[in-house]
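Contents: one structure, followed by commentary.
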Amino acid sequence: MFKPVILELLRYRSFIFYSFLKNIKSSSRNNILGWVWVIITPLIPILLYIFLQEIGFLKSSDQMPRAFYVVFGITFWEVFSGSTLGVMSAPVDNKGILKKKKIPFTPIYIAALGQPFVTFLVRLPLMFFLALKYSSLSSFEFILLPLSFFPFAILGLSIGVFLSVFYCYIRDLKNVLNIFFKYMMFLSGVIIPVPSVFSQLKFLEFNFVYILIEKVRYYFYSAEQTNGEFYVLAFFAVQILLTLLLISRISREEGQLRERL
Amino acid sequence: MNLIEVNEVSKFFEKSEKKNVVRELAKTVLRILGIVKKKAISKEANHFTALKEISFSIKKGEAIALIGRNGAGKSTLLKIINGLYDPSEGSVKVNGKIQALIELGAGFHYDLTGRENLLFAVSMIPNLKKKDREFLINEIIEFSELNEFIDFPVKKYSSGMKARLGFSAAIFANPDILLVDEVLSVGDFRFRQKCLRKINEIRKDAAVVLVSHNLQTVKLFCTRALLFDRGTIVFDGDVQKAINLYRKSEARDEKEILKNPNLGEDFHNNEIVSDLEVFWCDEFLTPRKVFSKNEPIYLFFKATLLVDCGKDLVFSMPFWRDNINISSISSEYDSCDLSVSVLKKGQLLKIHNIFNSGPIDSCFILTLKSEYLVRKILEPFEISGFDARVHGVALCSFKEEPKKEEN
């Protein structure tokens, strides 16, 4: 069942790369700063949070330094939300190609992970710096830090792939999801611990992405205090299987979806 | 071996998308989740039929033309063969690699350079190694003759240059089956010949399916033609026969032509002119709709004039082909008696036929000074005998002349 999907990805590997490159290049054309925007955009909110902490506006309510908490939280959240939104709208954004060329949906979905990947790469040095400064990780655990992109990206991919079917029919979905992601970031403890904001709304902690973020964040803060790696690995494995299953199912409906684009 | 086998293919589309969006979405999601099994979509009341039980096959080396009016189902069939649409009923079996020249430059980003866009276009060809990719890009650039401009943003290209780049990018994929939809009018005449030469080259080892309204290209290029009418194949075989049938069906469908807004509207001032009768005929007043090339065309008209208009009454008649005004006749230039008594008996006009083969639309007009009395769109007549090598709407003739020597 999964073999055709994996073969498809291998066959179209150069398309995935050039599609991603095209998106990045076309977004930086006609800008005075060009490529610099790719770095500046994801860095600004992070630098803002660090600045707010330095001047004492944000105070840590728990043992984890707020800068660490915010940088890791916002990065993982944006990888997840960027992947979900990007993958969900990928078929519609590429309808010019999909309606004229027989390109399968799978490489289009994967290419959509390019943008969140760049966001993650730009923030990675900062994450390394904060981990070095505040956490007590071994060198092996440090190596795992770049890999933390994948659980969130794969989660975003699987949700995005499923939602892309809905988005082919109902285009309001992107606006709804945009609002949802923006507000959930603040309401569910991704960057501000929930009790300090809405202590009465503890159910917000049941945002499962927040739980995943919390596990990964604590793992990189102090590996000894959590069994996050097992949780994440199990989650990751299930997620990959689920995504492959979903993609192989959707590929059977590609003709129907193309007509809707 | 058949490269394409189309078996009993039908395609239905919904008439109203908005009403059924939730139902269709629910069906798709249930199929994806495996709750409902995928089955052939049956025709429902809110569906219209784009293709109805189409069957044919194409062998290697064949070049097939799909001809028919707009909305006949040609492009939908091309999309089904290309795998972009699923057939509602029936099946399509394709043995080989398909390349479609459907919309040139699909996916091009105008802010990127020609080379960057080519890199992206070539990356759509699966399993291509880096070395082959670079070789292919150089070949494409050479073919498109855009070497000087290839590192310029595509937005700075002329429309011809964009089309050349798009065509070149699409044609170099070494397909077994080439699908061409109305894109053989790229660039200038020399480049068009180059494209046709390239397609002919590909054709030796592949099959070509061509959708075109340009019957001249179809005649010169294809070995077989399928004539489509309202989603069905009405003829499959010789290209010349298919073209003749197509032209006849076009002329037959008079009502649609008469509705064409470019020909204007009928008008009749009953207070001045009544009992109007106008028709195309031969010299014996037998009504005719088809004339041969060079054969005189006769027009008969009679009417009762309720007011004597004298010499201020003018008869004129413009001729159109494909909504383009190509010629006209008028009593202002040629003598024509439009007196009350002559019009009551009827006037027969012999018109020198200069038209090339094809349908001709016309309009009978009587004016009194600048005022319209009658404006009647006539049934089109047909000039028979299609020849792909004779061009244009009018026919120039010649005869041999002995040389005259100066003393």
May I ask for the angle, rounded to the nearest 10°, between helix A:36-54 and the longest principal axis of chain A, with both axes built from Cα atoms and the value confined to 0 to 90°? 20 degrees
For region B:55-69 and region B:315-350, what is the separation of their C-alpha centers, rounded to whole Å? 45 Å
Would you mind telling me the share, in percent, of accessible area of the protein assembly as shown contributed by carbon and sulfur at probe 1.4 angstrom? 56 percent
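For n ≥ 4 DSSP H runs only, could you compute -39500 (n - 2.57) per run for chain B, divide by its residues and tell me the 222 nm figure to the nearest 500?
-8000 deg cm²/dmol
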Holding the Cα-Cα limit at 22 Å, pick out from B:Lys129/B:Lys162; B:Lys37/B:Lys97; A:Lys22/B:Lys79; A:Lys102/B:Lys97 the pairs that are longer than that. B:Lys129/B:Lys162; B:Lys37/B:Lys97; A:Lys22/B:Lys79
Please give every one of the aspartates and glutamates within straight-line cross-link reach of B:Lys27, meaning a C-alpha to C-alpha distance under 13 Å, and leave out same-chain neighbours fewer than 8 residues apart. A:Glu253
Which residues, if any, in region A:159-185 have at least 10 Å² less accessible area in the whole protein complex than in the isolated chain, probe 1.4 Å? A:Phe162, A:Val165, A:Phe166, A:Tyr169, A:Ile170
I'd like to verify something in chain B: which complete DSSP H helices, judged by Cα projection on the helix axis, reach 20 Å or more and average at least 0.0 on the Kyte-Doolittle scale? none
Placed amide H near B:Leu101: partners under 5 Å, 5+ positions off or other chain: B:Leu179, B:Val180, B:Asp181
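Quick one: work out the % antiparallel among DSSP beta bridges in the protein assembly as shown, nearest 5.
75 percent
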Compute the helix-to-body angle for A:208-221: its Cα long axis versus the longest principal axis of chain A, expressed 0 to 90° and rounded to tens. 50 degrees
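Tell me the total accessible area that B and A bury against each other, 1.4 angstrom probe, in square angstrom rounded to 100.
The buried area between B and A, both sides summed, comes to about 3700 Å².
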Largest-first principal axis extents of the Cα set of chain A (Å): 55, 45, 40
The protein assembly as shown, accessible area per residue, ligands and nucleic acids excluded (1.4 Å, Å²): 50 Å²
Using a Cα-Cα cut-off of under 16 Å, which aspartates and glutamates could be cross-linked to B:Lys60, ignoring same-chain neighbours fewer than 8 residues away? B:Glu5, B:Asp176, B:Glu201, B:Asp205
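The values are calculated or read from the model by the stated rules, or taken from the named source; none is laboratory data. Just so it is clear, the model here is predicted, and its values are computed rather than measured. Heads up: the accessible areas ignore ligands, DNA and RNA and are worked out on the full protein's heavy atoms, side chains in. Shrake-Rupley method; radii C 1.70, N 1.55, O 1.52, S 1.80 Å.
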